[in-house]
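Contents: one structure, followed by commentary.
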Amino acid sequence: MIVPEQTTPTLYDWAGGHEALVKLLTIFYGHVLEDPLLEPVFRGMDPEHPKHVAVWLGEVFGGPAEYSASHGGHAHMVGRHLGRGITEAQRRRWVTLLLDAADEADLPADPEFRAAFAGYLEWGSRLAVLFSASGAEPNPHEPVPHWDWPMPPWQPPAS
């Protein structure tokens, strides 16, 4: 008997793909604009911003390389943070609101996915603080990062 090879889905697929990420980021940025600490950072945000960030996060999580193809890749994302002077308090609030929005958007709640999701938010938000600091000179030639599972998601054995 041949046993089919079990493949690990990407974080993008596990999260629910593009539609799930758009839902997540639409909810999230709605909360950001109501938050006294974060609203000044995002005041005047393009109404399409949640969709653009969903494309970014999709690529980071193993989905289509659409951000690189259509939105300027890593250099563009880094450029959006230059000179903004993001504070540690703003970073922490951003992470907290995004974790809360993941619950509200019904993203998968399994420990493996949430560990990967939270890990990326911590890592990426800390880079945003560094890139936003006065005098920061990040490498514009870095590729879009690719985030993966800390360990594959638990799935019941095939019957």
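The values are calculated or read from the model by the stated rules, or taken from the named source; none is laboratory data. Computed from a predicted model, the values in this text were never measured in an experiment. A quick note on method: Cβ atoms are made from the backbone with ideal geometry, for glycine too, and the neighbour counts reach across all protein chains shown. Please note that ligands, DNA and RNA were not included when accessible areas were found on the heavy atoms of the full protein model with its side chains. Shrake-Rupley method; radii C 1.70, N 1.55, O 1.52, S 1.80 Å.
All but one of (1) open to solvent by 50 Å² or more (accessible area, probe 1.4 Å); (2) at pLDDT 95 or above; (3) assigned to a helix (DSSP H, G or I) hold for residue 106, so report the exception by its number.
Only one criterion in (1) open to solvent by 50 Å² or more (accessible area, probe 1.4 Å); (2) at pLDDT 95 or above; (3) assigned to a helix (DSSP H, G or I) is unmet by residue 106, namely (3).
Would you confirm whether any residue within the stretch 138-159 is surrounded by 13 or more Cβ atoms within 10 Å (Cβ to Cβ), touching a helix residue (DSSP H, G or I) at 6+ places or on another chain (Cβ under 9 Å), at positive phi and outside any helix (DSSP H, G or I)?
For the stretch 138-159, residues surrounded by 13 or more Cβ atoms within 10 Å (Cβ to Cβ), touching a helix residue (DSSP H, G or I) at 6+ places or on another chain (Cβ under 9 Å), at positive phi and outside any helix (DSSP H, G or I): absent.
What pairs can you find where one residue is in the stretch 117-133 and more than 14 Å from residue 90 (Cβ to Cβ) and assigned to a helix (DSSP H, G or I), the other is open to solvent by 30 Å² or more (accessible area, probe 1.4 Å) and of a type outside the set (A, V, I, L, M, F, W, C), and their Cβ atoms are less than 7 Å apart, with a gap of 6+ or different chains?
If the second residue must be open to solvent by 30 Å² or more (accessible area, probe 1.4 Å) and of a type outside the set (A, V, I, L, M, F, W, C), the pairs left are 119/150.
Listed here are the residues, each with its yes/no results for (1) of a type in the set (A, V, I, L, M); (2) modelled with pLDDT of 85 or more; (3) more than 20 Å from residue 37 (Cβ to Cβ).
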site: 63; (1), (2), (3): no, yes, yes
site: 70; (1), (2), (3): no, yes, yes
site: 81; (1), (2), (3): no, no, no
site: 93; (1), (2), (3): no, yes, no
site: 99; (1), (2), (3): yes, yes, no
site: 124; (1), (2), (3): no, yes, no
site: 130; (1), (2), (3): yes, yes, no
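Can you give me the number of residues within the stretch 27-69 that are of a type in the set (Asp, Glu) and open to solvent by less than 10 Å² (accessible area, probe 1.4 Å)?
Just the residues of the stretch 27-69 that are of a type in the set (Asp, Glu), to begin with: 34-35, 39, 46, 48, 59, 66.
Checking which are open to solvent by less than 10 Å² (accessible area, probe 1.4 Å) leaves us with 59.
Count: 1.
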